[in-house]
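J.: Okay, handing you the structure first.
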Amino acid sequence: MALLVLALPAGAMELMVSAAPVTRFKGAELDQPVERLIFRGGLTLQSPVDTFGGLSGVTQTGPDQRIAFVSDRGNFISGQLAYDEADRLIGLIGVTIEPMQNSGGTVLPRQYARDAEGMDTVWRDGAAYAVRVGFEHLTRVADFEITDGRPDGAAREVNIPQWLTDLRTNESLESVCIAPEASPIAGSTLLLTEEALDSDGNHRGELLGVNDKGPIGYANSPIVNPTDCKFLPNGDLLVLERGVSLFAFVMNLRLVPADQVRPGNLMRGELLVSAQGGEIDNMESLLVHETPGGETRILIGSDNNFNDWQRNLVLEFALPQE
């Protein structure tokens, strides 16, 4: 333990995170179907450290289920998903928290600049090289290097279109995801906005790539807005939608076929699962990863907004085998 503490970078600290299992969802038991997915369980996460929370985006940062969250207070929360012998998620271990830095290598100076919302991983030669983070309020995109499975270091700004830079609200850039090798737009970064709508009332987006770049749209739905996205290994896109109806949170997860994700197109997703009320929370983060048992899982996490009446909830699902 002492060696681990010494190995942490300056400004980082360890956290103890406890986990309570979630074994039912929409009336389904573990491993039972829920609409077009299979429920694999979940956790409610808690920590005595008051900076743990506000988990707005999540991505894989290395092998052995290493992940990191970004929080809307400008922190990286890194750790490892723990699984039992039945390939069931049982905890988040080895957790550290570290303030994000600006391009000059200093901690982000004010909350207006700290509101990180979306994140995905840049891979090089099969290894996690950096994380790409999207911010709202002071709308921008930046890369951070990965060291020993933890994002850290100074921000490296990523060029984005001026229309995105000009957005200065907390309903601007929400989703950042990078297309895998199997995608027709492999390597391009997809940015989706929450409330920046085009003349037809649909969500504006942008593709950042060499050959695949330019505007893209996402069809608007009543009540909900896109809040995160991740690609499946085959190139299909998952979009998480979140909203509030009658004072209860609402969540949709949609699948956009790979051939729809292209510049100039309006993407329309097929509904995989929908939920509202007490079984969910403010679901904002999305992760596609492989478990120790080799199954591709979809993890959906919530942002508790640092409120005592909300939860840091994570739910896991699998796609049915065809």
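J.: Scan region 304-322 for residues that are within 21 Å of residue 37 (Cβ to Cβ), assigned to a loop (DSSP other than H, G, I, E, B) and under 18 Å from the mean Cα position of the chain (by Cα) and jot them down.
T.: Of everything in region 304-322, just one residue is within 21 Å of residue 37 (Cβ to Cβ), assigned to a loop (DSSP other than H, G, I, E, B) and under 18 Å from the mean Cα position of the chain (by Cα), namely 311.
J.: For region 270-287, which positions are within 20 Å of residue 235 (Cβ to Cβ) and either among the basic types (Lys, Arg) or buried (at least 16 other Cβ atoms within 10 Å of the Cβ) (or both)?
T.: Once the filter is applied, which keeps residues that are within 20 Å of residue 235 (Cβ to Cβ) and either among the basic types (Lys, Arg) or buried (at least 16 other Cβ atoms within 10 Å of the Cβ) (or both), region 270-287 yields 272, 286, 287.
J.: With closer than 22 Å to residue 142 by Cβ, modelled with pLDDT under 95 and surrounded by fewer than 21 Cβ atoms within 10 Å (Cβ to Cβ) as the only criterion, which of 209, 214, 187 stands out?
T.: Among 209, 214, 187, only 209 is closer than 22 Å to residue 142 by Cβ, modelled with pLDDT under 95 and surrounded by fewer than 21 Cβ atoms within 10 Å (Cβ to Cβ).
J.: Limited to region 267-289, what total is found for residues that are under 21 Å from residue 21 (Cβ atoms) and without any contact (Cβ under 8 Å) to a residue 60 or more places away in the chain?
T.: So the answer is 6.
J.: Pairs needed: first member in region 230-241, in contact (Cβ under 8 Å) with a residue 24 or more places away in the chain and part of a strand (DSSP E or B); second member anywhere, crowded, with 23+ Cβ neighbours inside 10 Å and among the basic types (Lys, Arg); C-beta distance under 6 Å; at least 6 residues apart or different chains.
T.: Correct list of pairs: 238/230; 239/254.
J.: Turning to a different aspect of this structure: For region 288-303, which residues satisfy the criterion of being of a type in the set (D, E, K, R), surrounded by 15 or more Cβ atoms within 10 Å (Cβ to Cβ) and part of a strand (DSSP E or B)?
T.: If the condition is that a residue be of a type in the set (D, E, K, R), surrounded by 15 or more Cβ atoms within 10 Å (Cβ to Cβ) and part of a strand (DSSP E or B), then 297 is the only one that fits.
Here is a yes/no grid of residues against (1) among the polar types (S, T, N, Q); (2) in contact with a Phe, Trp or Tyr (Cβ under 6 Å, 6 or more places away or on another chain); (3) without any contact (Cβ under 8 Å) to a residue 24 or more places away in the chain; (4) within 14 Å of residue 258 (Cα to Cα):
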site: 161; (1), (2), (3), (4): no, no, no, no
site: 170; (1), (2), (3), (4): yes, no, no, no
site: 196; (1), (2), (3), (4): no, no, no, no
site: 203; (1), (2), (3), (4): no, yes, yes, no
site: 218; (1), (2), (3), (4): no, no, no, yes
site: 223; (1), (2), (3), (4): no, no, no, no
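J.: Looking at region 60-134, what strands (runs of 3 or more DSSP E) fall wholly within it and have at least 2 residues that are surrounded by 13 or more Cβ atoms within 10 Å (Cβ to Cβ), under 14 Å from the mean Cα position of the chain (by Cα) and touching a residue at least 60 places away in the same chain (Cβ under 8 Å)?
T.: Fully inside region 60-134 and qualifying: 66-71, 75-83, 116-124.
J.: Here's a follow-up. Considering only residues that are within 21 Å of residue 28 (Cα to Cα) and part of a loop (DSSP other than H, G, I, E, B), which ones fall in region 266-287?
T.: Within region 266-287, 280, 281, 282 meet the criteria.
J.: Same structure again: With respect to residue 92, determine if the residue is at pLDDT below 95, of a type outside the set (Phe, Trp, Tyr) and in contact with a strand residue (DSSP E or B) (Cβ under 8 Å, 6 or more places away or on another chain).
T.: It is false that residue 92 is at pLDDT below 95, of a type outside the set (Phe, Trp, Tyr) and in contact with a strand residue (DSSP E or B) (Cβ under 8 Å, 6 or more places away or on another chain).
J.: Hey, residue 171 hits all of (1) assigned to a loop (DSSP other than H, G, I, E, B); (2) surrounded by 15 or more Cβ atoms within 10 Å (Cβ to Cβ); (3) touching a strand residue (DSSP E or B) at 6+ places or on another chain (Cβ under 7 Å) but one; which does it fall short on?
T.: (2)
J.: Next question. Residue 8 - would you say it is more than 20 Å from the chain's Cα centre (by Cα), at pLDDT below 95, under 20 Å from residue 302 (Cα atoms) and surrounded by 15 or more Cβ atoms within 10 Å (Cβ to Cβ)?
T.: Values: more than 20 Å from the chain's Cα centre (by Cα): yes; at pLDDT below 95: yes; under 20 Å from residue 302 (Cα atoms): no; surrounded by 15 or more Cβ atoms within 10 Å (Cβ to Cβ): yes.
It is false that residue 8 is more than 20 Å from the chain's Cα centre (by Cα), at pLDDT below 95, under 20 Å from residue 302 (Cα atoms) and surrounded by 15 or more Cβ atoms within 10 Å (Cβ to Cβ).
J.: If you take the residues of region 135-161 that are aliphatic (A, V, I, L, M) and in a strand (DSSP E or B), which of them is nearest to residue 60 (Cα to Cα)?
T.: Selected residue: 146.
The values are calculated or read from the model by the stated rules, or taken from the named source; none is laboratory data. Please read these numbers as outputs of a predicted model, since none were measured by experiment. We place every Cβ from the backbone using ideal geometry, glycine too, and count neighbours over all the protein chains shown.
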